Amino acid sequence: MEVKDYMKLPYTRIVQEIHDESGHYFYGKILELDGCQSTGDTLDDLYESLNEAMEGYLETKIENHLNIPLPSTADGYSGKFVVRLPKSLHQRLVIEADREGISLNQLAVYKLAR
């Protein structure tokens with residue numbers, strides 16, 4: 001595959017708005033491509049610079065005959081996992097879910113999604 005082919009794939013883009021001592025800007029990275037990241041003053045700037053970073057990343061990998069990870073999909077995930085926790089935490093979460101009138105599962109999903 002060529003760079004243009006990889007660029008068309010649905011890679012996961014993570015975008016974060018930053019306010020720090022250097023000012024206000026946007027940071028972004030391609031989740032599946034370790035180290036492929038960039039910044040921009042606006043979302044449009046970030047999108048453009050992230051695409052440039054991705055092109056450079058892919059060109060380097062292809063030139064050096066290195067493996068390029070493909071985008072991840074939800075197909076390989078069941079949506080279920082088991083978590084062991086202390087009895088006291090289990091009790092506290094059940095009480096909180098009861099107070100909210102929701103199931104423990106719904107409460108866990110809500111807390112994990114935040």
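The values are calculated or read from the model by the stated rules, or taken from the named source; none is laboratory data. Just so you know, these numbers come straight off a predicted model, no measurement behind them. Here the Cβ is made from the backbone with ideal geometry for all residues, glycine too, and neighbour counts use every protein chain on show. Heads up: the accessible areas ignore ligands, DNA and RNA and are worked out on the full protein's heavy atoms, side chains in. Shrake-Rupley method; radii C 1.70, N 1.55, O 1.52, S 1.80 Å.
A few points about this structure:
- Within region 86-114, the residues that satisfy the criterion of being outside any helix (DSSP H, G or I) and surrounded by 10 or more Cβ atoms within 10 Å (Cβ to Cβ) are Ile102, Ser103.
- Within region 23-51, the set of residues being farther than 20 Å from Asn67 by Cα and open to solvent by 90 Å² or more (accessible area, probe 1.4 Å) comprises Asp41, Leu43, Asp44, Tyr47, Glu48.
- Out of Leu50, Leu89, Leu33, one residue alone is touching a Phe, Trp or Tyr at 6+ places or on another chain (Cβ under 7 Å) and not small (Gly, Ala, Ser). It is Leu33.
- Filter result (surrounded by fewer than 11 Cβ atoms within 10 Å (Cβ to Cβ) and touching a residue at least 12 places away in the same chain (Cβ under 8 Å)) within region 1-13: Glu2, Pro10
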